[in-house]
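The structure appears right after this line, and notes come after that.
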Amino acid sequence: MTYCTLNYRLPGAGWSLQFSEAALQTLLGHVQRSRVSKESVGQLFTRDLTVSPIVVELATVLTPTLATRTRVTFDTDGAMTEREAFFERGLHCIGLWHTHPEASPTPSIDDRLLARQHAVAARPQLAGLVFAIVGTAPPPAGLRVWVDDCIDLREALAQANHGTI
C-alpha cells in the first residue's frame with residue numbers, strides 16, 4: 001500500500017498533523033529492514049504553523065555522529081544550521097524523527113530525554129515538539145508520533161486516511 005498522506009491527532013488538541021507524500025517517502029525510505037540496518041535520524045519541517053492540519057512538508061536526514069542498530073546520535077550544531085537554512089526558505093522545524101528496529105516503535109528512555117531537551121529548547125517558539133519514530137511495520141502501526149510539551153510526552157493517534165491508494 002502506498003500512502004499519499006498520513007494524519008495524526010493529539011487527543012484534546014485543536015489541531016492535527018499531516019505527513020505529506022514527500023515526507024512519508026523520506027521516512028519510509030529509512031525503515032530498518034535487516035538485522036544490520038542502522039538507525040537513521042532527521043528533522044520535520046512545515047511552512048505554516050497556523051493551520052490545521054499542520055502539514056509536515058519535508059523530512060530531512062541528518063548525518064549521524066553515531067549509528068548502530070538500536071541507537072543514533074547527531075550533531076546538534078549541524079541540526080541547528082539545517083533549521084536556519086530552511087527557515088530562510090520559509091520552513092519551520094517542528095520536530096525530530098528516527099527509526100527503530102521494531103514493528104510498532106515506542107520511545108526509549110533516551111528518546112524521551114531527547115524529546116524533552118529539544119522541546120525545552122524550542123520554547124517559546126513552539127508549544128510542543130513533534131517526535132516521530134519509524135518502525136518496521138507498515139504505517140500507521142509502524143509510524144508512531146508523539147508531542148512533547150515540556151510537561152508530558154503524549155501520543156498522537158493515527159486518523160482514518162482517505163489518501164491511500
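Annotations for the structure displayed:
- Cleavage-rule hits, trypsin sites (Lys or Arg not before Pro), region 46-136, DSSP coil, Cβ neighbours within 10 Å at most 10: ARG89
- Linear extension gain, VAL51 paired with GLN117, 0.36 nm per residue minus alpha-carbon span: 21.2 nm
- Using C-alpha pairs under 8 Å with a sequence gap of at least 6, the mean separation divided by the residue count of the chain gives a relative contact order of 26 percent.
- Candidates THR99, THR81, THR63, ranked by Gaussian network fluctuation over the chain, Cα under 10 Å, top entry: THR81
- Computed from the C-beta positions of ARG69 and GLN125, the FRET efficiency with R₀ = 41 Å rounds to 0.75.
- Within the listed set ASP149, ASP110, ASP48, the Gaussian network model of the chain (springs between alpha-carbon atoms below 10 Å) gives the highest mean-square fluctuation for ASP110.
- The distance separating the Cα centre of region 108-125 from that of region 57-99 comes to 14 Å.
- Cα-based shape type of region 47-123, given that a ≥ b ≥ c are square roots of the gyration tensor eigenvalues and the cut on a/c is 1.5: prolate
- Candidates PHE87, PHE45, PHE19, ranked by Gaussian network fluctuation over the chain, Cα under 10 Å, top entry: PHE87
Computed from the coordinates by the stated procedures, all read-outs in this text should not be read as laboratory data. Please read these numbers as outputs of a predicted model, since none were measured by experiment. Please note: Cβ atoms are built from the backbone with ideal geometry, for glycine as well, and neighbour counts cover all protein chains shown.
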